[in-house]
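Written out below as structure tokens is the structure these notes cover.
Since every read-out is calculated from the coordinates, none of them should be taken as a lab result. Keep in mind it's a predicted model, so treat the numbers as computed, not measured. Every residue, glycine among them, receives a Cβ derived from its backbone with ideal geometry; neighbour counts consider all protein chains shown.
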Ligand code: FES
Ligand code: FES
């Protein structure tokens, strides 16, 4: 148990709010059959703080503050509140909180930070409410609160009992305590247990949940024609055919884009296709061949300001018996969220109302306010469940489009991207290249040199990450190629490819030195632990912990006939992950049959959701390493839909075994960290099986291996 | 525009739309049945899967003029109480991540099980090949189909 100072602001919540009494019922217990699971939603609630309200019958509504993109925070964040509040999870209803930055901290889905950064404030919100309930009961009974305890929604002491529901009205009026007790992790009853997705019932019965499902009376659908090439500008357009399409109401130009407004999505799509634009193509139109050539040149250019420079790399290489040099190349990738980009906006003289899937509601609110020259207080954003994010929905371009169009036509509007729009107007994972060099002397790696180059990358490296601190001579450099192609964060930015390159290279060096790949890593860690060189940007012991756990769970040193193993480990987003891939040969080509993963993410809040995240990250990592690629010709993306862009499908998926390190440390993130090691693990296993190395993604292009 | 009579989830509807309108958009925009999702529009992802006379079809690629007399079933009408064995298995396994593809996955799997109540793992994989899940919840999808099939 720890005592902490409260920082939960009561705000204006000293009131009883009555919700509609329309006899709504809700299925809230997904384990039961639906008939048993309905319970009337109470019509009267007592707001204890911004995060939760309690009804007289003991039901609790918990607000989930952060956007839900499939990382399951809408379940796991309320679990943390419910734990400290100490209620039965079955009595909890979860609601998505609106954007309210006075009440909630950091309403962002990104960087795998929701749980890590929300942990303390969510616990405090629950614990504060619990203390207020206890204080109210103590007041009613005329006793000292310190003699009372509360558990599963019931306060007891003094030979008496009262439920949270019975005392909720009074609790809403007691002062916010200055200090509250937080539970000892060993007393957790909800955290660490398996809880199903709170939206599960709606998802499997097809209830409206997503941005694309949102509609209001009189709303127009808008499909927008955007420039076909990055660098193209709109000269003029002929919309006469578009205006002939049944249901098309209007066509408006904004910037270099043309919005078609219609009474149905299909009419808007047809209208968009019928537009006859003329584009000005005199600007800079970049092709993949230009990116490739420029980045290859950059890799051979010494940088004026290395990211890190320990010892004397030049000398180490000059004195080496042998130098190993390898270059790894990554393509652009679109995000391809299953739900294409979309957003609703209704801009009126009074307010700007926005509804839709967005990872960064706060940033979007300020950008929309600026764009429309309105006060931020006039702009509201409701966050819908998102049909995937992966970084794409950090960029509110689609919300800004909706706001701008709505303000032009004075009507509520929903902007819908077709898949083609979504894939060709992306904020892509940019292409990058890495050149690794290792100097070998007397059977040891004596120097390590990495040069990275990436499109729109301020830093293509992670200079203080492994193997930093374990080598006397260590040089890291980075170059940027500025481009007009829009790029951005893509699940595990930078490391989604850098990890593959690094872990492939480490595998090669270990084999070159005749060392076991796991032992080679452990020896490097030992050096970083006992006698580190410069800054160590990772917790060496935690890192070693997952490496050893993955080796143990995969029986790394044991040989199995016909099974080839590959090892990889990476630290990102505050979480340590090691993975072993098992590959078998099937019909002459390698097939990944199993992945064994070991993860240290501190306390696992919801093991059920956590396994989903780890499996999702690993398979996503394999899928994009195997198949993902977007190229450009004169600024035009060359894949437009799933017939031209290969995503991993069900028969291509290996089993994924998940092992968490037992820990009482505060939780870190899980949405991203299992992805980076996956590509290296399978590449190293395929090398073990076939003798072939991969230096470029996607692997499927390697004809020697895949025919 | 033209008038079309449709039977969706056992109810009759009349809509006035262009004959080339994919049934997907009629369901979503005209009938407010938004459980059927839009993913690609070209029969490549399966998010829009419905049943036409009990057989899985990609609603994005079936114009309303081709539906004819066929009875349409959507995720909303798969079972009366949301308790189709696949929906129950989806709950048991906690399958969804973002959840967007799942209605299409369930509808596709329901069509498979209605024709082949005890499919092999390989038959499940080949029947589900056309349904993308960008969150890659494939392992749980397969496990849930297995559970539903084994319980039938
Ligand atoms: S939307 Fe119909 S198959 Fe993709
Ligand atoms: S759960 Fe997200 S696309 Fe399948």
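Roughly how far apart, in whole Å, are the Cα centres of the range A:342-379 and the range B:72-128? Computed from Cα coordinates, the inter-centre distance equals 38 Å. Calculated mean residue ellipticity, 222 nm, chain B: -9000 deg cm²/dmol, from DSSP H runs (n ≥ 4) at -39500 (n - 2.57) each, averaged per residue and rounded to 500. Note on chain A: helix-only mean residue ellipticity at 222 nm, from DSSP H runs of 4+ residues weighted -39500 (n - 2.57) and normalised by residue number, equals -9000 deg cm²/dmol. Comparing B:57, B:70, B:110 in a Gaussian network model of chain B (Cα springs below 10 Å), the most mobile by mean-square fluctuation is B:70. Taking 7 Å steps out from each Cα toward its Cβ at residue A:244 and residue A:441 produces label points 7.8 nm apart.
For chain B, dividing the convex hull volume of the Cα atoms by the residue count gives 99 Å³ per residue.
Taking 0.36 nm per residue of sequence separation and removing the Cα-Cα distance, the residue A:482/residue A:151 pair yields an extension gain of 113.4 nm. Per-residue Cβ neighbour counts within 10 Å put A:414, B:140, A:202 in the sequence A:202, B:140, A:414, beginning with the fewest. Taking the C-alpha atoms only, the angle from helix B:102-115 to the longest principal axis of chain B is near 80 degrees. Rounded to the nearest 10 degrees, the inclination of helix B:138-151 to the longest alpha-carbon principal axis of chain B is 80 degrees. Here the spin labels are modelled as points 7 Å beyond Cα on the Cα-Cβ line, and at residue A:323 and residue B:120 they lie 5.5 nm apart. Taking label positions 7 Å along the Cα-Cβ direction at both residue A:644 and residue A:144, the computed distance is 7.6 nm, reported to one decimal. By its C-alpha gyration tensor, with a ≥ b ≥ c as the square roots of the eigenvalues, how is chain A shaped: rounded for a/c under 1.5, else prolate for a/b larger than b/c, else oblate? Oblate shape, in that a/c is at least 1.5 and b/c is the bigger or equal ratio.
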